[in-house]
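Laboratory data are not the source of any read-out in this text; all were calculated from the coordinates shown. The structure presented is a predicted model; accordingly, all values stated were derived computationally and were not measured. Here the Cβ positions follow ideal geometry from the backbone for every residue, glycine too, while neighbour counts run over all protein chains shown.
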């Protein structure tokens, strides 16, 4: 019994793995706004009005990940307001802050009142 040639089989597998790897390397489009803590974050009372109200398609996990990527730590459970803003408490540079994320991915924070 004659064995099938191995070279065409190996070439076929190599092409298939290359195609699968290429397809997996494609990413979904990212939002047009990058998260940059130096521009997206404001500390103090200003900034909340800058957030856009609207239908927010971020899930809670996506919102939390985006907030963490912006440099926040210890992000609490987030709640979505009737305006479509994800809101919670986090730490920024060791300071406790309230944080909000709008449907565009913009983030604003302000100092939280101390717990007594």
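When a/c reaches 1.5 or more, the comparison of a/b and b/c decides; with that in mind, is the stretch 51-90 rounded, prolate or oblate per its Cα gyration tensor? In terms of gyration-tensor shape, prolate.
Fully extending the segment from residue 60 to residue 112, taken as 0.36 nm per residue of separation minus the present Cα-Cα distance, adds 16.6 nm. Shape analysis of the stretch 63-116 places it in the oblate category; the axes a ≥ b ≥ c from the Cα gyration tensor give an a/c of at least 1.5, with a/b not above b/c. Each of residue 68 and residue 83 was given a label point 7 Å from its Cα along the Cα-to-Cβ line. The distance between the two points is 2.7 nm. Computed from the C-beta positions of residue 76 and residue 6 and an R0 of 41 Å, the FRET efficiency is 0.10 to the nearest 0.05.
Taking every C-alpha pair closer than 8 Å and separated by at least 6 residues, the mean separation divided by the residue count of the stretch 52-116 gives a relative contact order of 30 percent.
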